[in-house]
1. Output yes when any residue across the stretch 100-108 is open to solvent by 60 Å² or more (accessible area, probe 1.4 Å), on the phi < 0 side of the Ramachandran plot and at pLDDT 95 or above, and no when none is.
2. Which pairs have Cβ atoms under 7 Å, sit 6 or more apart or on different chains, and link a residue in the stretch 157-169 that is more than 14 Å from Gly183 (Cα to Cα) to one that is open to solvent by 50 Å² or more (accessible area, probe 1.4 Å) and within 16 Å of the ligand (Cβ to nearest atom)?
3. Within the stretch 219-241, can you find the residues that are away from the ligand (no atom under 13 Å from the Cβ), surrounded by fewer than 20 Cβ atoms within 10 Å (Cβ to Cβ) and farther than 25 Å from Glu6 by Cβ?
4. For the stretch 123-216, which helices (runs of 4 or more DSSP H) that fit wholly inside it have 2 or more residues that are over 18 Å from Thr282 (Cβ atoms)?
5. Which pairs do you get when a residue that is more than 14 Å from Gly139 (Cα to Cα) and more than 15 Å from the ligand (Cβ to nearest atom), found in the stretch 60-89, comes within reach of a residue that is small (Gly, Ala, Ser) and open to solvent by 50 Å² or more (accessible area, probe 1.4 Å), reach meaning Cβ atoms under 8 angstrom, with the pair 6+ apart or on two chains?
6. Away from the ligand (no atom under 16 Å from the Cβ), more than 15 Å from Tyr21 (Cα to Cα) and either modelled with pLDDT of 95 or more or touching a Cys at 6+ places or on another chain (Cβ under 7 Å) (or both): is that true of Ala244 in this structure?
7. As an exercise: evaluate Phe210 against (1) in contact (Cβ under 8 Å) with a residue 24 or more places away in the chain; (2) open to solvent by less than 50 Å² (accessible area, probe 1.4 Å) and give the number of the one condition it does not meet.
Amino acid sequence: MPSPLEELPDGRLTRAGVRLYLKRDDLISPEIPGNKWRKLKYNLTAARAQGHRVLLTFGGAYSNHIRATAAAGHYFGFATIGVIRGEEHLPLNPSLDYAARHGMRLVYLDRATYRDKMSPEVIAGLHDRFGDFYLLPEGGSNAAALRGCAEIPGEISQPFDLICCPCGTGGTLAGLAHGLGAGPRALGFSALKGGQFLARDVAGLQREAFGASPENWSIEHNFHFGGFARRKPALDQFISDFQARHALRLNWVYTGKMMYGIFALAERGAFPAGTAVVALITG
Ligand SMILES: Cc1ncc(COP(=O)(O)O)c(C=O)c1O
């Protein structure tokens, strides 16, 4: 730490008058990369300070957050419980297999109960079953997570006008925007179809964590490629081409959609000439 900042030379951006820098949070750690580490850092500190020995969190069967929480428990000395949406499927997929190999106890909630997972009744039921635990929400986005993400802009010494990140729950964007000084703005790229609710969630997370929601951020909704974890040939082609040009493999759930969006906006002249953009590579 801090994660590296690299300029990305690309003729398409030069023609559009845009300079692009990559904030390589994907290089923070192979097992707890990117926004996972940013979000877990102050949660692990809080869990330890409060005397907890167990972390409990929620996720789908392919959740990166589940995987990263298992790794964090393994390396930082917490037992972990992963509450997974839906039924158990054996053999475990690679994400859950990784989590189990790193000591995570996997339990399953039917989809209806899972929808209510943060209700006092469901949480009380989990305490009855598992005793004391430190609760991390799905995706890890809570006030402590936002504080971790808010540290990112402070690591960037290069002046910039705009910082971009992908959005799933909006926690990364919420923290990032809070950490900006006067001047630059933050732009989130929704990885979800119909993610218009994200703006309300981001503002709510900011108010909960910091008491206010500044107006220095916005969300792009036009680069979801059909919805969460959906892809289209144009996205696959962009990711392969980007890898060939820049030797960096973007993931098609989050960072690939953001980067496609940044290039599309630049090429259609959405950024004034001379704009310096930072793209946060979240994983
Ligand atoms: C690589 C990556 N980027 C971005 C996100 C979305 O972050 P957030 O949920 O904070 O919007 C996730 C999901 O947590 C992720 O795994």
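The values are calculated or read from the model by the stated rules, or taken from the named source; none is laboratory data. The model shown is predicted, which means the values in this text are computed figures rather than measured ones. All Cβ positions, glycine included, derive from the backbone under ideal geometry; neighbour counts span all protein chains shown. In case anyone asks, the SASA skips ligands and DNA or RNA and just uses the protein heavy atoms, side chains included. Shrake-Rupley method; radii C 1.70, N 1.55, O 1.52, S 1.80 Å.
1. yes
2. Once the first residue is more than 14 Å from Gly183 (Cα to Cα) and sits in the stretch 157-169, its partners that are open to solvent by 50 Å² or more (accessible area, probe 1.4 Å) and within 16 Å of the ligand (Cβ to nearest atom) give Pro166/Tyr254; Gly168/Tyr254; Thr169/Asp201.
3. Residues satisfying the conditions are His221, Asn222, Gly226, Gly227, Arg230, Arg231, Lys232, Pro233, Ala234.
4. Correct list: 198-210.
5. Taking only residues 6 or more apart or on different chains, the pairs are Gly73/Ala79; Gly73/Gly103; His74/Gly103; Ala79/Gly103; Thr80/Gly103.
6. Yes, satisfied.
7. Of everything listed in (1) in contact (Cβ under 8 Å) with a residue 24 or more places away in the chain; (2) open to solvent by less than 50 Å² (accessible area, probe 1.4 Å), Phe210 misses just condition (2).
Okay, residues lined up against (1) assigned to a helix (DSSP H, G or I); (2) more than 30 Å from Arg245 (Cα to Cα):
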site: Ile32; (1), (2): no, no
site: Leu44; (1), (2): yes, yes
site: Leu56; (1), (2): no, yes
site: Ala68; (1), (2): yes, no
site: Ala71; (1), (2): yes, yes
